[in-house]
1. Only Cα pairs under 8 Å and at least 6 apart count here; give the relative contact order of the chain as a rounded whole percent.
2. Enter the Cα centre distance for the pair the stretch 202-216 and the stretch 322-347, rounded to the nearest angstrom.
3. Given the options 34, 268, 102, identify the residue whose Cα lies farthest towards the positive end of the charge dipole of the chain (+1 on Cβ of Lys, Arg; -1 on Cβ of Asp, Glu).
4. When the dipole is taken about the Cα centre of the chain, and only Lys, Arg (+1) and Asp, Glu (-1) are charged at their Cβ, what size is it in debye, to the nearest 20?
5. What is the gain in length, in nm to one decimal, between residue 70 and residue 177 on full extension, counting 0.36 nm per residue of separation less the C-alpha to C-alpha distance?
6. How large is the charge dipole for the stretch 55-110, taken about the Cα centre, if only the Cβ atoms of Lys, Arg (+1) and Asp, Glu (-1) carry charge, to the nearest 20 debye?
7. On the principal axes of its Cα set, how long, how wide and how thick is the stretch 150-302? Give whole Å, largest value first.
8. Over all alpha-carbon pairs of the chain, lay out the pair-distance distribution in 20 Å bins, whole %, shortest bin first.
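The values are calculated or read from the model by the stated rules, or taken from the named source; none is laboratory data. Treat the numbers as computed from the prediction; the structure is a model and nothing was measured. Methodologically, a virtual Cβ is constructed for each residue, glycine included, from the backbone with ideal geometry; neighbour enumeration extends over all protein chains shown. The accessibility values were calculated without ligands, DNA or RNA, using every heavy atom of the protein model including side chains. Shrake-Rupley method; radii C 1.70, N 1.55, O 1.52, S 1.80 Å.
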Amino acid sequence: MTNAWVNHAIKEIDADFQRSADTHLIRLSLADFPGIALYLKDESTHPSGSLKHRLARSLFLYGLCNGWIRENTPIIEASSGSTAVSEAYFARLLGLPFIAVMPSCTAPRKIQQIEFYGGRCHFVENSGQIYAASEQLAREMNGHYMDQFTYAERATDWRGNNSIADSIFRQMSLEPHPVPRYLVMSAGTGGTSATLGRYIRYKGHQTELVVVDPENSVFYDYFLQRDPSVTAQCSSKIEGIGRPRAEPSFIPSVIDSMIPVPDAASIATLRWLEGILGRKVGASTGTNMWGALQLAKQMRDKGETGSIVTLLCDSGERYLNTYFNDEWIAANIGDISHYSEQLAGVR
Ligand SMILES: Cc1ncc(COP(=O)(O)O)c(C=O)c1O
C-alpha cells in the first residue's frame, strides 16, 4: 500500500515533468566538415540548469518508490555540484531538507543555486572524500544518501519514456543523417553514457558510443584494463566529469571506445564554442565537443558523411571566475594556446 505523502510526492514530480518542455537539439553545420553535421543536445535549459535535472527527477522517484524517502526524510548527496543543484530543486518541491556534500573548490554559482533552493552545503577537501562524508551525515541525521554514483545507471528509464537517448533519436528523425554515426559523452557518474549505450543496443542502431575522459580520471584506464580497484590521487579539473574511482554507474561494456582529452583541449574548445554558439558553455561540454571534433576529422579524412551528437551539459555562466578567467586558466590548466591555434580556423 502506498503511503499518502509518497503518493502526493510522486504526483508533484510527475506534474512538474508535465509542465516542462524538452531540451533543444542544436545543429552546427561547420564549413570545415562538409556533409558532417554536429549536434549539441542543450541540457542547460532545464529549470535547474544542467543534464542533472533528469537524473535528480529519476533518483527522487526511485527513492520514493523504493520506500527510502518518506515525509521529512533529510536527503544527502555526494556531488561535484550540478546534481546537488538539481536535487535541491526537487527537495524544495517536496518540502524535504537537503544537504550537498561537495569538494570545497565547487563553483560558487552552484553553491548559490543550492542555497537558493533551500539546500545546505557541506564541504570536504577533495572529490575522493565525498562518499564517506555523505554516508556519515546520512547516518547521523537518519537521512537518505541518494548516492548518484551507484544509482544513476539503474534509476534512469533507459528503454524510452523520454529519456535523453529517446529524445535525441526522436529529434534527429528529420535530419539528413537521422541515425548518428557517433554519440559522444563524458562521464561523471557514467549514468548518461549507460543510458545512451543501452538504448543504442535496445533499438539496434548502428551508432557508436564514444566516451571522452579528462585528466585525473580513472574511467579511461578502467575501460582499458577493467580493474575496478584503480584510483586517482588528484581531482578532475573539469567540473562534473572525471572521477578518482571507477564509479558503480559507469558501465564499460556499453561503450564502443574512449578518448582521453587533455584539460587544455577542453578549455580551448569551450572558448572556441563561445564564438560558434554565441554563448558560454561549461567545461564538460568542451571535453565532449573536442571528442566530437576529433571524430569529425576522422570521418572527413575517410571521405565519410554523417552526423555526430554530443551534449551541452551546462552553461558557462556558472564558471565565469574559472574557465572564463585567463588568470585562473594560467594557474590551474596552463598554456592552452596549442589547442586554441588548432581550433582557430575551424568554422
Ligand atoms: C556538468 C556535467 N557534465 C557532465 C556530467 C556527466 O554526466 P553523468 O553523471 O551522467 O556521467 C556531469 C555529472 O555530474 C556534470 O555535472
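1. Working: 700 pairs, mean separation 63.7, N = 347.
Result for the chain is 18 percent.
2. After rounding, the separation between the Cα centres reads 26 Å.
3. 34
4. Details: 32 positive and 37 negative charges, 150 e Å.
Charge dipole of the chain: 720 debye, to the nearest 20.
5. Values: separation 107, 0.36 × 107 = 38.52 nm, distance 4.63 nm.
Going from the current span to full extension adds 33.9 nm.
6. Working: 5 positive and 3 negative charges, 31 e Å.
Approximately 140 debye in magnitude.
7. So the three principal-axis extents are 46, 37, 30 Å.
8. Cα pair-distance distribution for the chain, in percent: 32, 59, 9, 0.
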